[in-house]
Amino acid sequence: MIIDLHIHSNHSDGVLRVEEIIREAKFRNINLMAITDHDSISCQKTAAASSEKAGINYVFGVELNVTFSHPKYRDGKSISLDFLGYQFDADNRKFIEKLKQMADYREERASKILTNLNGEFEKEGIEKLTQKDFKAIQDSVDGVLGRPHIADYLVKKGIVKNRQEAFDKYLVKSDVPKYPLYLKEASRIVRGAGGILVLAHPNDPHGTSLVTLTNSLSEQTQIVEDSMMEHIDGIECWHSRNNAQTTKHYIKFARKHNLIMTGGSDCHQKPTVMGTVKIPDFVAGQFNVE
């Protein structure tokens, strides 16, 4: 069985539309999948319906960015972590309202980032972005607006060569804090909608993860024990950037605490790697799929 429970569409920072993702999943013989867009569930019903037509088992999903801190690390200063929500009711009013609030904040944040970018452009003699540019960025987004969309627009304008250069040269220094969603509230809204909450890619060396606090796997799981256990239901044990040691460590930890184990490619279609992470069949059984 081929499983991928961590895929992004163009409703957040992926490249492909939902229908294109489903077609690709069918071509790759994926049996169980979830699209987990950042802070957005706008595509879930479409994805579920398209998956059903394609004969693919589908789980409703979302990826939430959470503000987290631990008193023993970074002098208690907050970092960002990602958590995956699954099997929620996509019609839950409180969940929808919170995501709308977060989406509105993303628009405000993007506007402030553009102001900061213009400050950088002025130093280099680059033409400033206007409200017309901001509108063009907004129009390019099918779901929630984020920095990758701004990066892609800078590429389109010829200011940078690619998305990575946009981040390295401008977007990191022009950043504005994300919406302050804390773990307790993230857990409450997902569980309140009938879903489960899973810590995403906890040891991702190139992503939003506990590596920001410590590279030690044992220290990472101690942090989870100290501060997360009452709020989470599972751990993402398989990920495209995991090494064998990371996967083994988190499987052992999940079994010790009777946590759900999930996995996925975290595919943004740059390149298209969905379905390439080897995930054992028993993971599907946790979602009542055989």
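The values are calculated or read from the model by the stated rules, or taken from the named source; none is laboratory data. Keep in mind that what you see is a predicted model, and the values were worked out from it rather than measured. FYI the Cβ positions are ideal-geometry reconstructions off the backbone, even for glycines, and counts take in every protein chain you see.
Among the residues of the stretch 80-97, what is the count of those that are at pLDDT 95 or above and not in a loop (DSSP other than H, G, I, E, B)?
11
So which helices (runs of 4 or more DSSP H) are wholly in the stretch 199-290 and hold at least 1 residues that are among the acidic types (Asp, Glu) and surrounded by fewer than 19 Cβ atoms within 10 Å (Cβ to Cβ)?
The helices (runs of 4 or more DSSP H) meeting that bar are 217-227.
Taking GLN87, is it touching a residue at least 12 places away in the same chain (Cβ under 8 Å), at positive phi and either in contact with a strand residue (DSSP E or B) (Cβ under 8 Å, 6 or more places away or on another chain) or not assigned by TED's automatic domain parsing to the domain that holds ASP266 (or both)?
In short, yes.
Does SER209 satisfy the condition of being at negative phi and either of a type in the set (Phe, Trp, Tyr) or out of contact with any strand residue (DSSP E or B) (no Cβ under 9 Å at 6 or more places or on another chain) (or both)?
Criteria not met by SER209.
As an exercise: evaluate GLY194 against (1) surrounded by 14 or more Cβ atoms within 10 Å (Cβ to Cβ); (2) at pLDDT 95 or above and give the number of the one condition it does not meet.
Of everything listed in (1) surrounded by 14 or more Cβ atoms within 10 Å (Cβ to Cβ); (2) at pLDDT 95 or above, GLY194 misses just condition (1).
Looking only at the stretch 223-259, which residues are within 25 Å of ARG188 (Cα to Cα) and among the small types (Gly, Ala, Ser)?
Within the stretch 223-259, SER227, GLY234, ALA254 meet the criteria.
Exactly one condition in (1) not in a helix (DSSP H, G or I); (2) not assigned by TED's automatic domain parsing to the domain that holds HIS268 is false for LYS112; which is it?
(1)
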